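The structure under discussion appears below in the form of structure tokens.
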Amino acid sequence: MSLAVFVMTQTFLATTPGAVTSSTILSTTGHFLIKDLWFIANLIFFLKFTEQKV
């Protein structure tokens, strides 16, 4: 469920005007998007880690 939420919020990269400019990445909106990319990466890491243990 959390992966779905994090992926859904990444749609803001395409819909927010100027979302990937240098001034926006350092703003609150940019932090919001970058944080979710970090969470997606962590979910994938833990998924792969737990698959190896089973």
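The values are calculated or read from the model by the stated rules, or taken from the named source; none is laboratory data. Note that the structure is a prediction, hence the values are computed from the model and not measured. So basically every Cβ, Gly included, is an ideal-geometry build from the backbone, and we count neighbours across all protein chains shown.
Tabulated data for the structure shown
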read-out: LEU43 vs. criteria modelled with pLDDT under 80, among the aliphatic types (A, V, I, L, M) and surrounded by 11 or more Cβ atoms within 10 Å (Cβ to Cβ); value: no
read-out: Residues that are in contact (Cβ under 8 Å) with a residue 24 or more places away in the chain and under 8 Å from the mean Cα position of the chain (by Cα), drawn from region 11-45; value: LEU33, ASP36, LEU37, PHE39, ILE40
read-out: Residue list for region 12-30, filter: surrounded by 11 or more Cβ atoms within 10 Å (Cβ to Cβ) and either out of contact with any helix residue (DSSP H, G or I) (no Cβ under 8 Å at 6 or more places or on another chain) or polar (S, T, N, Q) (or both); value: THR16, THR21, THR24, LEU26, SER27, THR29
read-out: Qualifying position, being in a helix (DSSP H, G or I), in contact with a Ser or Thr (Cβ under 8 Å, 6 or more places away or on another chain) and hydrophobic (A, V, I, L, M, F, W, C), among PHE32, PHE49; value: PHE32
read-out: Evaluation of PHE6 against (1) loosely packed, with under 12 Cβ neighbours inside 10 Å; (2) in contact with an Asp or Glu (Cβ under 7 Å, 6 or more places away or on another chain) (one fails), failing number; value: (1)
